[in-house]
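Down below is the structure, laid out as structure tokens.
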Amino acid sequence: MVIGGAGLVCGAALAFAARFLAVHEDPRIEKVLDILPGANCGGCAYAGCADYARAIVVDNAPINLCAPGGQEVIDRLAAFLGVASQTRERNVAIVLCGGDDEHAGRKFDYNGIADCAAAHAVAGGDKQCVFGCLGYGTCARVCPVGAIEITPQRIARVHPDVCIGCGACVDACPRHLIRLVPAERRIHVLCSSKDKGPRVKEVCTVGCIGCTRCTRLAENEAIRMDGALAVVDYSKDLESEAVIEKCPTRCIVKR
Amino acid sequence: MVPRLFHARPRGVHPDDRKALSAAMPVETLPLPSILRVSMAQHLGAPATPVVKKGEAVRRGQRIGAASGFISAHVHAPTSGTVKAVQDAPTLSGPPAPAVDIEPDGEDAWTDLQPCPAWRNTPAAALVERIAEAGVVGMGGAGFPTHVKLQPPPEKHIDTLIINGAECEPYLTADYRLMLEDPQRIWTGACIIAHVLGVERVRIAIEDNKPDAIAAMAGVVREFKGDAAVVSLETLYPQGAEKQQIRALLGREVPSGGLPMDVGALVENVATACAVHDAVLTGQPLIERIVTVTGTPVQRPKNVRARIGTCFNDLAGFCGGLKGAAKLIAGGPMMGLAQPSLDGAVTKTASGVLALASEECTAFESLPCIGCGRCIAACPAGLVPAELSLYLEAEDYEAAAACHVMDCIECGCCAYVCPARRPMVQHMRRGKAWAAARSRSR
């Protein structure tokens with residue numbers, strides 16, 4: 001009796017609370033959330049899909065921020081919300097280092113935590129090149145879609161067709177080797193070494209030695225020098241494959 | 001006061017000390033090498049700023065790096081010569097820091113030194129000034145600037161000065177040789193520190209596996225009138241760590257996140273006391289130290305008086321070279337820093353260069369924690385390394401910080417006893433780096 005009575009009282013209180021203290025949420029948020037892919041990757045810079053859905057409805061956030069959803073989600077969001085559709089440039093990640101164990105040397109045997117940041121903290125990393133990819137897979141572990149592979153020669157490689165461009169790997173890499181670039185740009189300088197040519201040659205056979213040849217061959221000044229390193233300007237068209245042919249260390253590739 | 005009965009036994013491990021390799025070797029002075037690479041990051045805190053330029057002539061003892069901040073120390077030229085380069089070079093721990101390369105001219109001409117033999121009549125502040133000017137830092141390993149330690153805030157009362165001659169790290173015999181050969185200098189240095197702090201009680205702590213060092217130090221302390229004594233400590237690694245030593249000697253526990261001064265104690269290494277002696281009595285800055293070059297691949301293990309900036313390669317050559325070395329460590333095997341090559345150079349805190357043969361080091365795979373609890377029994381800081389390593393493996397730094405990862409002293413006891421060969425110290429260092437970065441950003 002007592003327990004039943006207490007239950008009734010509590011039930012009544014709950015019913016009362018549900019009626020008078022209810023939070024009225026815009027029903028469109030739920031619908032927008034259904035349209036979003038639910039990857040919770042954070043690539044839109046919101047704390048997951050639910051937060052982005054709320055921001056779209058409540059704060060009028062741009063609808064073209066979802067990387068995994070791509071153009072399809074943008075179009076569906078535009079139709080549902082009755083706004084003009086926008087376009088989204090698809091970005092993919094690229095690891096700007098080509099020096100795997102076949103081409104770049106290691107200076108000691110690292111026998112510790114299999115994580116790039118941890119390895120980097122031990123005597124500056126086991127790779128001879130202090131700028132190169134360590135290959136312990138920190139980027140691969142943070143990738144929400146498994147787009148990054150650590151090759152048997154221990155270097156990280158992004159599969160551009162799988163990559164959703166969320167940028168999680170960009171922040172995870174302790175050596176800042178990963179960049180987000182427009183997906184249609186295919187030609188890359190796979191080196192991030194700030195060292196001068198002779199030093200690069202000592203530690204890696206596929207590093208940029210700063211010969212500047214590619215900067216003269218590339219159209220639209222799409223490759224510029226940053227010190228002794230050739231850097232692709234991804235805002236400019238670069239189609240000429242001459243830069244690939246003429247690079248003496250073969251560090252320019254098409255992917 | 002808690003009765004002695006309830007004091008837990010000090011915790012630690014008993015690694016084979018291997019000191020016999022170099023213990024009997026008297027300190028030899030290394031001839032002037034052809035190049036000296038003096039790092040500006042030889043101490044805890046901000047690296048010094050180079051104050052010389054390429055091509056400049058310097059004299060022995062001249063300041064070449066100026067302290068850049070409160071916790072920082074000056075750096076001096078170890079000999080006279082010409083500055084060959086001022087550039088970034090990898091430090092012993094890895095990340096690059098500015099370094100000054102000096103090519104000696106062979107004359108070894110001193111800059112003007114200001115000796116202060118009448119230190120007993122000199123005010124404490126002036127002595128601290130001299131010690132700071134000489135760039136003296138803790139030479140036991142951490143490299144904390146000594147002048148900062150000697151200026152405790154007025155609300156902290158220090159009643160005991162501990163001179164640390166424990167040298168609990170295996171292989172190393174640099175402090176041991178110093179105590180045998182130069183006890184008077186250590187003792188005078190200790191007296192200067194005690195004078196600066198106004199401390200009455202001085203204890204010299206030495207592990208009981210060095211009876212002749214205990215006898216040598218007791219010989220010089222005997223004439224002292226105040227409350228001074230040489231205390232023999234049970235041989236136990238890491239008894240030379242300052243918090244563990246205070247506990248063993250005074251029964252006081254340094255609180256979590258606190259400093260020895262919080263419990264009225266101050267610990268200085270014997271080599272630091274010696275450097276304080278030189279800084280005050282002769283005005284000589286800290287430009288050389290004793291380095292133990294040891295390990296089975298070293299043809300003639302020695303204790304070498306080497307100038308700061310001496311390349312490890314020159315040290316190895318002086319000791320007959322290395323034969324079949326598979327691993328190089330700056331410092332001892334427990335807390336030392338593994339080196340990728342012999343390119344490193346002696347710093348103020350480099351007490352040893354250790355080479356290990358391939359049969360002495362194993363590459364192993366780290367396995368999951370089996371929960372045996374050996375690391376908990378061994379941890380001298382009273383932490384639970386097993387739990388911490390699980391959190392840190394999962395990169396849950398918040399949880400690790402809540403479990404006091406910052407109190408880890410990185411002594412390596414947990415990794416030493418771990419049957420699963422887990423890289424415990426590396427985990428702890430990551431956790432500490434994260435927690436330190438967080439407290440800086442707050």
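Brief remarks follow.
- Close contacts from segment A:240-255, counting a first residue that is within 16 Å of A:Val181 (Cβ to Cβ) and open to solvent by 30 Å² or more (accessible area, probe 1.4 Å) and a second that is hydrophobic (A, V, I, L, M, F, W, C) and part of a strand (DSSP E or B), with Cβ to Cβ under 9 Å and a gap of 6+ residues or different chains, come to A:Val253/A:Ile187; A:Val253/A:Val189; A:Lys254/A:Ile187; A:Arg255/A:Ile94; A:Arg255/A:Val158; A:Arg255/A:Ile187.
- Of the strands (runs of 3 or more DSSP E) that lie entirely inside segment A:212-255, those containing 3 or more residues that are within 22 Å of the chain's Cα centre (by Cα) span A:229-232, A:252-254.
- Index of the failed condition, B:Ile370 passing every other in (1) of a type in the set (A, V, I, L, M); (2) away from every other protein chain (no Cβ under 13 Å); (3) in a loop (DSSP other than H, G, I, E, B); (4) touching a helix residue (DSSP H, G or I) at 6+ places or on another chain (Cβ under 8 Å): (4)
- Among the candidates B:Glu234, B:Glu223, the residue that is surrounded by fewer than 21 Cβ atoms within 10 Å (Cβ to Cβ) and free of Cβ contacts under 8 Å to residues at least 24 places away in the same chain is uniquely B:Glu223.
- Residue satisfying all of: in segment A:72-103; surrounded by fewer than 17 Cβ atoms within 10 Å (Cβ to Cβ) and in contact with a Ser or Thr (Cβ under 7 Å, 6 or more places away or on another chain); farthest from A:Cys163 (Cα to Cα) among these: A:Ala78
- Test: residue in segment A:113-126 that is open to solvent by 10 Å² or more (accessible area, probe 1.4 Å), more than 10 Å from chain B (Cβ to nearest Cβ) and in contact (Cβ under 8 Å) with a residue 60 or more places away in the chain: no
A quick yes/no check of all residues on (1) open to solvent by 50 Å² or more (accessible area, probe 1.4 Å); (2) assigned to a loop (DSSP other than H, G, I, E, B):
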site	(1), (2)
B:Thr272	no, no
B:Ala275	no, no
B:Pro285	no, yes
B:Ala306	no, no
B:Asp314	yes, no
B:Gly320	no, yes
B:Ala326	yes, no
B:Met335	yes, yes
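Residue-by-condition table, conditions (1) more than 14 Å from chain A (Cβ to nearest Cβ); (2) aromatic (Phe, Trp, Tyr); (3) under 23 Å from A:Gly125 (Cα atoms):
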site	(1), (2), (3)
B:Asp343	no, no, yes
B:Val346	yes, no, yes
B:Ala363	no, no, yes
B:Ala377	yes, no, no
B:Glu387	yes, no, no
B:Glu410	no, no, yes
B:Val417	yes, no, no
B:Arg421	no, no, yes
B:His427	no, no, yes
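- Flag for A:Val170 being open to solvent by 30 Å² or more (accessible area, probe 1.4 Å) and within 14 Å of the chain's Cα centre (by Cα): yes
- Restricted to segment B:38-133, the set of strands (runs of 3 or more DSSP E) holding at least 2 residues that are of a type in the set (Val, Ile, Thr) and at pLDDT 95 or above comprises B:81-90, B:96-104.
- Tabulated pairs, segment A:214-235, first under 24 Å from A:Arg199 (Cβ atoms), second loosely packed, with under 12 Cβ neighbours inside 10 Å and not polar (S, T, N, Q), C-beta under 8 angstrom, 6+ apart or interchain: A:Thr215/A:Glu221
- Test: A:Arg106 is basic (Lys, Arg), open to solvent by less than 60 Å² (accessible area, probe 1.4 Å), modelled with pLDDT of 85 or more and over 26 Å from A:Glu184 (Cβ atoms): yes
- B:Ile102, sole failed condition from (1) away from every other protein chain (no Cβ under 14 Å); (2) open to solvent by 40 Å² or more (accessible area, probe 1.4 Å): (2)
- When restricted to residues that are part of a loop (DSSP other than H, G, I, E, B), closer than 17 Å to B:Leu161 by Cβ and touching an Asp or Glu at 6+ places or on another chain (Cβ under 7 Å), segment B:217-236 contains 1.
- Of all residues in segment B:315-356, those being among the charged types (D, E, K, R) and at pLDDT 95 or above number 1.
- Any hit, segment B:179-187, residues being in a loop (DSSP other than H, G, I, E, B), surrounded by fewer than 24 Cβ atoms within 10 Å (Cβ to Cβ) and touching a residue at least 12 places away in the same chain (Cβ under 8 Å): yes
- Any chance A:Ile56 is open to solvent by less than 20 Å² (accessible area, probe 1.4 Å) and free of Cβ contacts under 8 Å to residues at least 24 places away in the same chain: no
The values are calculated or read from the model by the stated rules, or taken from the named source; none is laboratory data. Given the structure is predicted, the values throughout are model-derived calculations rather than measurements. We place every Cβ from the backbone using ideal geometry, glycine too, and count neighbours over all the protein chains shown. Ligands, DNA and RNA are excluded from the accessible area calculation, which covers all protein heavy atoms including side chains. Shrake-Rupley method; radii C 1.70, N 1.55, O 1.52, S 1.80 Å.
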